[in-house]
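Visitor: Please read through the structure below; I'll follow up with questions.
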Amino acid sequence: MKNEVPFYDPDLSYEDNYKEGPFGLFAEKNIPESGYSEISGKKNPNFLGLEVDIPFGIPAGPLLNSRYIKAAFRFGFDLCVYKTVRTQAQACHPLPNVLAIHPNGHLTADCDTVLADKNYSQPLSITNSFGVPSFSPDIWQPDMAEAVKAASNKQIMIGSFQGTQGKGKIEDDYALAARLVAETGAPVIETNLSCPNEGVNNLLCFDTEAVYRIVEKIKSTVPDRPLLLKTAYFKDDVHLKKLLDKVGHLVQGFSTINTLSARPVDKNNHPALSENRPEGGVCGDAIRWAGLEMVSRLAHFRQEMGADFVIVGVGGVNHPDHYKAYIKAGANAVMSATGAMWNPLLALDIKKSQV
Ligand SMILES: Cc1cc2nc3c(=O)[nH]c(=O)nc-3n(C[C@H](O)[C@H](O)[C@H](O)COP(=O)(O)O)c2cc1C
């Protein structure tokens, strides 16, 4: 585990990272023009019918625009997800958006209280609190089209999107977002169902009927693009099975997990993000157990149902052994956000471990 300069700077605002980033090895002057992508030396696996060098990459979030995506592809992250976009502009939460967190022992899925500060020590876990900001489609559509073009042979650019509450039926806004993403040429699309579902104080992915309506609408609007659902950690199998029974045969895959909720506090026990943001999502090393567990359970149900959806394992990957553990648990692909942010050489480390 290395402690490189992160390619996203936690001390800067989202807007400044968007304008000035990426940083460290991902900065433009450090990017090798030819790229490192094809070094695995193995027979190339396939992801959703598309060839990839290795099925590893960066999930929705840290890759803010096409400059970030281009850098990630050049450093061998063969699956890159463009940060979740919306059908309208939405501002980011004020700073801080990222803090290091230090769980005392094991982090549970029960919204633990955790110490948060700026000590980004390894093995690293962080809280992220952005509020899913987005530029308007006239800005992100041409940029996402550039990101699609940045993929080399055996690399895939995935477009992530979500609907916004308060604009009529939520499924209509999800479907519009899906169409706008598909227009950029993204060969695979992913919809984020793991952001707070305003008004219900819950996550959309736990509301099976709403997910069904959203999936149906997206599928009828964009029938020709493989669709992944980004979900949170499900505590119990009953809810997970209900979701799979309803949409497991309609979608092409599940990308999981997003973050585990926690209450980050400073050393004086005050909310570390701000008084009105007492909770934040935790990602990184502390949530790997939950990501692995979800992948195993999904793989089990996939076999039981005779379904063929793919599973993208996300959560706490910061070493080649973690990649292998996810594949062993049943993942078809693996992604790392926190681990990759602080170690831009992670994909190359994994490729080297495969040769
Ligand atoms: C800086 C940052 C921003 C994120 N933004 C999004 C987002 O816009 N959409 C989304 O679906 N997930 C987002 N995530 C969650 C990640 O995709 C991933 O599910 C989570 O971080 C767990 O992976 P990790 O442990 O490798 O960080 C974000 C994560 C980070 C670190």
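Visitor: Give LYS118, LYS169, LYS149 a once-over and let me know the one that is of a type in the set (D, E, K, R), closer than 24 Å to LEU12 by Cβ and surrounded by fewer than 16 Cβ atoms within 10 Å (Cβ to Cβ).
Guide: One residue alone meets the criteria, LYS118.
Visitor: Which members of the range 282-291 meet the condition of being crowded, with 18+ Cβ neighbours inside 10 Å and more than 9 Å from the ligand (Cβ to nearest atom)?
Guide: Selection gives ALA290 alone.
Visitor: Does at least one position in the range 170-178 carry a residue that is at pLDDT 95 or above and under 27 Å from ASP53 (Cα atoms)?
Guide: Yes, the conditions are met somewhere in the range 170-178.
Visitor: Scan the range 211-226 and tell me whether some residue there is touching a helix residue (DSSP H, G or I) at 6+ places or on another chain (Cβ under 7 Å), modelled with pLDDT of 95 or more, in a helix (DSSP H, G or I) and among the polar types (S, T, N, Q).
Guide: yes
Visitor: Do we have any residue at all in the range 61-83 that's at pLDDT below 95, more than 19 Å from ASP349 (Cα to Cα), more than 15 Å from the ligand (Cβ to nearest atom) and basic (Lys, Arg)?
Guide: no
Visitor: Within the range 108-117, is there a residue that is within 11 Å of the ligand (Cβ to nearest atom), touching a Ser or Thr at 6+ places or on another chain (Cβ under 9 Å) and at pLDDT 95 or above? Walk me through it before giving the result.
Guide: Step one: filter the range 108-117 for residues within 11 Å of the ligand (Cβ to nearest atom), giving none.
No: zero hits.
Visitor: If PRO123 satisfies every condition in (1) away from the ligand (no atom under 12 Å from the Cβ); (2) open to solvent by 10 Å² or more (accessible area, probe 1.4 Å); (3) not hydroxyl-bearing (Ser, Thr, Tyr) but one, which is the exception?
Guide: If we test PRO123 against (1) away from the ligand (no atom under 12 Å from the Cβ); (2) open to solvent by 10 Å² or more (accessible area, probe 1.4 Å); (3) not hydroxyl-bearing (Ser, Thr, Tyr), just (1) comes out false.
Visitor: Need pairs with beta-carbon distance below 9 Å; first residue over 15 Å from LYS230 (Cβ atoms) and within the range 45-61, second buried (at least 24 other Cβ atoms within 10 Å of the Cβ) and among the acidic types (Asp, Glu); sequence gap 6+ or separate chains.
Guide: PRO45/ASP53; PHE47/ASP78; VAL52/ASP78; ASP53/ASP78; ILE54/ASP78; PRO55/ASP78; PHE56/ASP78
Visitor: So LEU124 passes all but one of these: (1) under 28 Å from LEU50 (Cα atoms); (2) in contact with a Gly (Cβ under 8 Å, 6 or more places away or on another chain). Which condition number does it fail?
Guide: (1)
Visitor: Taking the range 292-349 as the search range and keeping residues that are away from the ligand (no atom under 15 Å from the Cβ) and β-branched (Val, Ile, Thr), which one is surrounded by the fewest Cβ atoms within 10 Å (Cβ to Cβ)?
Guide: The extreme case among them is ILE327.
Visitor: Determine, yes or no, whether GLU28 is modelled with pLDDT under 95 and touching a helix residue (DSSP H, G or I) at 6+ places or on another chain (Cβ under 9 Å). Can you show your working first?
Guide: Values: modelled with pLDDT under 95: yes; touching a helix residue (DSSP H, G or I) at 6+ places or on another chain (Cβ under 9 Å): yes.
Spelling it out, GLU28 is indeed modelled with pLDDT under 95 and touching a helix residue (DSSP H, G or I) at 6+ places or on another chain (Cβ under 9 Å).
Visitor: Right, something else. Cβ-Cβ below 9 Å, separation at least six or inter-chain, first residue in the range 247-265 and within 12 Å of the ligand (Cβ to nearest atom), second acidic (Asp, Glu) and open to solvent by less than 10 Å² (accessible area, probe 1.4 Å): which pairs?
Guide: SER255/GLU190
Yes/no per residue for (1) within 16 Å of the ligand (Cβ to nearest atom); (2) in contact with a strand residue (DSSP E or B) (Cβ under 7 Å, 6 or more places away or on another chain); (3) β-branched (Val, Ile, Thr):
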position	(1), (2), (3)
HIS102	yes, yes, no
ASN119	no, yes, no
GLU146	no, no, no
MET157	yes, yes, no
ALA175	no, no, no
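Visitor: Further question on the same structure: In the range 336-354, what residues are of a type in the set (S, T, N, Q) and either touching a strand residue (DSSP E or B) at 6+ places or on another chain (Cβ under 9 Å) or not in a helix (DSSP H, G or I) (or both)?
Guide: Selection gives SER336, THR338, ASN343.
Visitor: Got at least one residue in the range 295-318 being out of contact with any strand residue (DSSP E or B) (no Cβ under 8 Å at 6 or more places or on another chain), within 20 Å of LYS83 (Cα to Cα) and not aliphatic (A, V, I, L, M)?
Guide: no
The values are calculated or read from the model by the stated rules, or taken from the named source; none is laboratory data. Nothing here was measured: the structure is a model prediction, and the numbers come from that model. Glycine gets a Cβ as well: all are built from the backbone with ideal geometry, and neighbour counts include every protein chain shown. Quick note on the areas: whole protein, heavy atoms, side chains included, nothing else; ligands and nucleic acids left out. Shrake-Rupley method; radii C 1.70, N 1.55, O 1.52, S 1.80 Å.
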